[in-house]
1. Taking the condition under 27 Å from residue 154 (Cβ atoms) and surrounded by fewer than 20 Cβ atoms within 10 Å (Cβ to Cβ), does residue 114 pass?
2. Could you identify the single residue in 142, 127 that is closer than 19 Å to residue 77 by Cβ, surrounded by fewer than 16 Cβ atoms within 10 Å (Cβ to Cβ) and touching a residue at least 24 places away in the same chain (Cβ under 8 Å)?
3. Would you mention how many residues in the stretch 34-49 are in a helix (DSSP H, G or I) and touching a helix residue (DSSP H, G or I) at 6+ places or on another chain (Cβ under 7 Å)?
4. Among 105, 38, 65, which is on the phi < 0 side of the Ramachandran plot and modelled with pLDDT under 90?
5. Looking at (1) in contact with a strand residue (DSSP E or B) (Cβ under 6 Å, 6 or more places away or on another chain); (2) part of a loop (DSSP other than H, G, I, E, B); (3) modelled with pLDDT of 85 or more; (4) surrounded by fewer than 21 Cβ atoms within 10 Å (Cβ to Cβ), which is the only condition residue 26 fails?
6. Select from the stretch 72-93 the residues that are in contact (Cβ under 8 Å) with a residue 60 or more places away in the chain and out of contact with any helix residue (DSSP H, G or I) (no Cβ under 6 Å at 6 or more places or on another chain) and list them in ascending order.
7. Might you check whether a residue that is modelled with pLDDT of 90 or more and assigned to a loop (DSSP other than H, G, I, E, B) occurs anywhere in the stretch 126-142?
8. So which residues in the stretch 99-125 are in a helix (DSSP H, G or I) and more than 15 Å from residue 149 (Cα to Cα), if there are any at all?
């Protein structure tokens, strides 16, 4: 569940459309919307993210620090109905397969059972042993919604849990990174 904060409000300033051609940006493609279902597309790049960092600096300095190193954020939330369910699920499956084919490392897989169980896969593109340059979160909620997040930038290992907290991505919140080099 998304929790409001100054960080979230700054992210909400984004406008739709993906034209970023950076090597770490993932093109989720387009998704058909279903009548009566939620559809959100957020696409933030450099200048707007730096602006958000300045806004967040006084009230959420940790979020501001993270934002300063981010180049691009893309978020899609697609409600699924009868008209778009099959195409949306096929698209997410294709995105996951493409990430693995392109060498992204799957770091989290969650497949909850039951009617309310979700299907989560999180991928990283490493820069070196202490940082990443890309993060993709894919969530298929059994309640009939797909959430896709792509973050591009220089993210230190210790900031991943902070990112999960700020974006309310439960599996990332649980990642603990050792403070000792090489461990």
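The values are calculated or read from the model by the stated rules, or taken from the named source; none is laboratory data. Quantities reported herein were computed from a predicted structural model and do not represent experimental measurements. Heads up, the Cβs are rebuilt from the backbone with ideal geometry, glycines too, and the neighbour counts pull from every protein chain shown.
1. Considered against the rule, which asks whether it is under 27 Å from residue 154 (Cβ atoms) and surrounded by fewer than 20 Cβ atoms within 10 Å (Cβ to Cβ), residue 114 comes out as no.
2. 142
3. Residues in the stretch 34-49 being in a helix (DSSP H, G or I) and touching a helix residue (DSSP H, G or I) at 6+ places or on another chain (Cβ under 7 Å): 1 in total.
4. Only one candidate qualifies: 65.
5. Residue 26 satisfies every listed condition except (4).
6. Step one: of the stretch 72-93, the residues in contact (Cβ under 8 Å) with a residue 60 or more places away in the chain are 72-81, 91.
Hits for the stretch 72-93 are 72, 73, 74, 75, 76, 77, 79, 81, 91.
7. Taking every residue of the stretch 126-142 in turn, none turns out to be modelled with pLDDT of 90 or more and assigned to a loop (DSSP other than H, G, I, E, B).
8. Passing the criteria: 100, 101.
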